[in-house]
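As structure tokens, the structure follows; a few thoughts come after it.
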Amino acid sequence: MRQFGVGLACLLGLVALWQFYYGHALLWPWLLAALVSLLLAGLAPNWLRPLARAWMWLAHWLGVVNTRLLLGIVFFLLITPVAWLFRLIGRDALALKHKQANSYWQPQDKSWPPEDFKNQF
């Protein structure tokens with residue numbers, strides 16, 4: 001809870017600096033909130049537990065929404081047009097359109113010396 005309180009104080013301090021930089025009049029409430037958060041983190045960190053729990057709940061749901069939103073955007077704006085282009089030009093990158101065969105093994109042109117298998121990573 002101490003780490004959360006210090007992090008919250010830093011965040012509130014940055015908001016106060018932003019308010020100061022843009023000349024807004026609401027500077028002192030942010031500084032007061034940062035000071036209270038810092039004092040609570042140092043003297044009574046367990047008092048910050050409900051606030052940390054609420055913050056984690058909000059962060060979880062923001063992560064759920066953002067993940068689905070970002071993955072959806074990537075899928076529909078990147079992967080779908082590439083798939084349409086591949087279908088248009090007739091490319092089968094994964095070799096999925098096989099005819100019936102005894103084996104789907106694709107021979108490789110490269111030979112692999114034993115040294116290639118040492119220190120792979």
Between helix 49-74 and the chain: long-axis angle, C-alpha atoms, 0 to 90°, nearest 10: 30
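Hey, what's the Cα Rg ratio for the chain versus the globular rule of thumb, 2.2 N^0.38 Å?
On the way: Rg = 27.9 Å, N = 121, 2.2 N^0.38 = 13.6 Å.
Output field value: 2.05.
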Solvent-accessible area per residue, Å², over the chain with all protein chains present [probe radius 1.4 Å]: 92
Whole-Å distance, taken between Cα centres, linking region 65-88 and region 1-52: 40
Sum of -39500 (n - 2.57) over DSSP H runs of 4+, divided by residues of the chain (222 nm, nearest 500): -20000 deg cm²/dmol
Positive minus negative residues near N46 (Lys, Arg vs Asp, Glu; Cβ under 14 Å): +3
Mean Cα-pair separation over length for region 2-121, i.e. relative contact order, pairs under 8 Å, 6 or more apart, %: 20
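Once neighbouring chains are kept in place and the probe is 1.4 Å, which whole percent of the accessible area of the chain is contributed by carbon and sulfur?
Working: 7740 of 11090 Å².
Here carbon and sulfur together make up 70 percent of the probe-accessible area.
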Rounded tilt (10° steps) of 28-43 against the dominant C-alpha axis of the chain: 80
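Please compute the alpha carbon radius of gyration of region 1-48, then divide it by the globular-protein estimate 2.2 N^0.38 Å. Two decimals is fine.
Details: Rg = 11.2 Å, N = 48, 2.2 N^0.38 = 9.6 Å.
For region 1-48, the normalised Cα radius of gyration is 1.17.
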0 to 90° range, to nearest 10: angle between helix 2-21 axis and the chain longest Cα axis: 80
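The values are calculated or read from the model by the stated rules, or taken from the named source; none is laboratory data. Since this is a predicted model, take the numbers as computed values, not measurements. Here Cβ is always computed from backbone atoms with ideal geometry, including for glycine, and neighbour counts include all displayed protein chains. We work out accessible area using only protein heavy atoms, side chains counted, and drop any ligands, DNA or RNA first. Shrake-Rupley method; radii C 1.70, N 1.55, O 1.52, S 1.80 Å.
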